[in-house]
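Okay, so here's the structure we're looking at.
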Amino acid sequence: MQKVYLDNAATTQVRDEVINRMQEALATFYGNPSSTHSFGRSAKTAVEKARKTIAKTLNAQPSEIIFTSGGTEADNMILRCSVRDLGVQTIITSKIEHHAVLHTVEELEKEYGIQVLYVELDEFGSPKMDHLEQLLKQDDSKKLVSLMHVNNEIGNITDIAAVGTLCRENNALFHSDTVQSIGHYAWDVQNVPIDFMTAAAHKFHGPKGIGFAFIRKNSGLKPLIVGGAQERGFRAGTEPFHNIVGLEEAFIKAYEHLDEETETVKALKKYFLEKIQAEIPGVMFNGLSADLEKSTYTLASVRLPFDKQKGLMLLFHLDMKGIACSKGSACQSGSDQGSHVLSQIMEGEELDKPSLRFSFSMYNTKEELDYTVQVLKEFAEN
């Protein structure tokens, strides 16, 4: 049976170079980075080198990069500490954010009594900028806007520069969950008005369990996790040195090959969109995922012309055929609830049709996409 992995928005295959670098780190530089002897100093040097590598690529300062266990921790840290330490009284977000943001905001509303406002979305799931401006101006409370750059289910790209500019004009802080875009898009934080960003290595062919937060210098945030003085006192806990060097290697390779790999993956997505439309009449696409300019090149959210009953078997059928993809987001797998993203932009019969997220990487081939579409076509005809 052919095996096809089309769930790269959930996690990606780790590059061979990353595996080799991590194995070397585990075998050779195993000292605690906080230790003062040579073993510890060697590990500490590598950690700081990784920090500088990331900072240079993003045009940030090394002190603005804080290693975390991934995007969820980074989102929690930024949002919670902004309320606790910076006096944020109002958080403006959208109802299609990742749950790492949505659930955190809901908890902060309960714990601190903050005001939570949701920006309206257009028919495709993109935030309405005029409504965002209205929310920013409606009162004098200290505000933070949290809107993701690339939506992890439908792939819409938010105009980060426009949002950031609105925030600056209205003295609001701006946080963006950039987990789906770091490693896939070039960034220059000196030219983008943004205060906080988050990343996870496993979204760009690195290891799981490691990521980072970009926190603008002199933000005023204090540690969420306290204990030792690791991460320049900002995040306590012994650094997972092997994961950090793995993140660095994945980050280096992602940006060394960014242009060529972007073109490769974009061509695969274009081919998939054309193929599935030609072979399965009535197929539709959610959000802006069929627009190669307004959505990320890494994923497509497909709505198939099957009834609800048949749709219940679809993901199982694909898995039996060796094809991995997601029904909505992988973070929701195992839940009987539908996609919170799709429920915000669709209703009625549209929601009853099964939707699948196919997400691509440089390791995919056109032959794999041919096989996937053929399996879907046979399922539709039976």
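The values are calculated or read from the model by the stated rules, or taken from the named source; none is laboratory data. Please read these numbers as outputs of a predicted model, since none were measured by experiment. We place every Cβ from the backbone using ideal geometry, glycine too, and count neighbours over all the protein chains shown. Ligands, DNA and RNA are stripped out before the accessible areas are found, and what is left, the full protein with its side chains, is counted by its heavy atoms. Shrake-Rupley method; radii C 1.70, N 1.55, O 1.52, S 1.80 Å.
A few points about this structure:
- Rg over Rh for the range 190-253 works out to 1.00, both radii taken from alpha-carbon positions and Rh defined as the Kirkwood radius.
- Sequence-separation-based contact order of the range 233-382, relative, with Cα cut under 8 Å and 6+ spacing, percent: 29 percent
- The listed peptides 298-308, 105-115, 206-216, ordered by packing as a protection proxy, come out as 206-216, 298-308, 105-115 (highest mean of other Cβ atoms within 10 Å first).
- Highest to lowest packing among 174-180, 164-170, scored as the average C-beta count within 10 Å: 174-180, 164-170
- If a spin label sat at a point 7 angstrom from the Cα of Glu120 along the line to its beta carbon, the backbone N atoms of the range 339-375 nearer than 15 Å would be those of 345.
- Portion, in percent, of the accessible area of the chain that falls on carbon or sulfur, probe 1.4 Å: 50 percent
- Using a probe of 1.4 angstrom and keeping all protein chains present, the accessible surface of the chain works out to 44 square angstrom per residue.
- Correct choice for Cα Rg over 2.2 N^0.38 Å that was computed from the model, options [x] 0.94; [y] 1.07; [z] 1.01: [z]
- The distance linking the range 143-215 with the range 1-51 is 24 Å (Cα centroid to Cα centroid, whole angstrom).
- Set Lys128/Lys270; Lys110/Lys208; Lys294/Lys366; Lys143/Lys203; Lys269/Lys377 screened for pairs whose C-alpha atoms are more than 25 Å apart: Lys128/Lys270; Lys110/Lys208; Lys143/Lys203
- Phi-derived couplings, Karplus 6.51 cos²θ - 1.76 cosθ + 1.60 at θ = phi - 60°, listed residue by residue for the range 117-123: 10, 10, 6, 5, 10, 7, 4 Hz, with x used for Gly and Pro.
- Rg and Dmax of the range 1-62, both derived from C-alpha coordinates alone, stand at 16.3, 53 Å.
- Only one residue of Phe39, Tyr271, Pro223 has its Cα farthest out toward the positive end of the dipole of the chain, where Lys and Arg carry +1 and Asp and Glu -1 on Cβ, and that residue is Phe39.
- The range 36-168 - share of DSSP beta bridges that are antiparallel (%, nearest 5): 20 percent
- In order through the range 342-359: 3J(HN,Hα) via Karplus (6.51 cos²θ - 1.76 cosθ + 1.60), integer Hz, x for Gly, Pro: 5, 5, 7, 10, 9, 7, x, 4, 4, 6, 6, 6, x, 10, 10, 9, 9, 10
- Calculated from backbone phi, Karplus (6.51, -1.76, 1.60) coupling profile of the range 299-312 in Hz, x at Gly/Pro: 8, 9, 9, 10, 10, 9, x, 10, 6, 4, 5, 5, x, 4
- Other residues within the sphere of radius under 13 Å centred on the Cβ of Ile65, judged by their own Cβ, net out at +3 (K and R +1, D and E -1).
- Per residue convex hull volume, Cα atoms of the range 45-95, in Å³: 120 Å³
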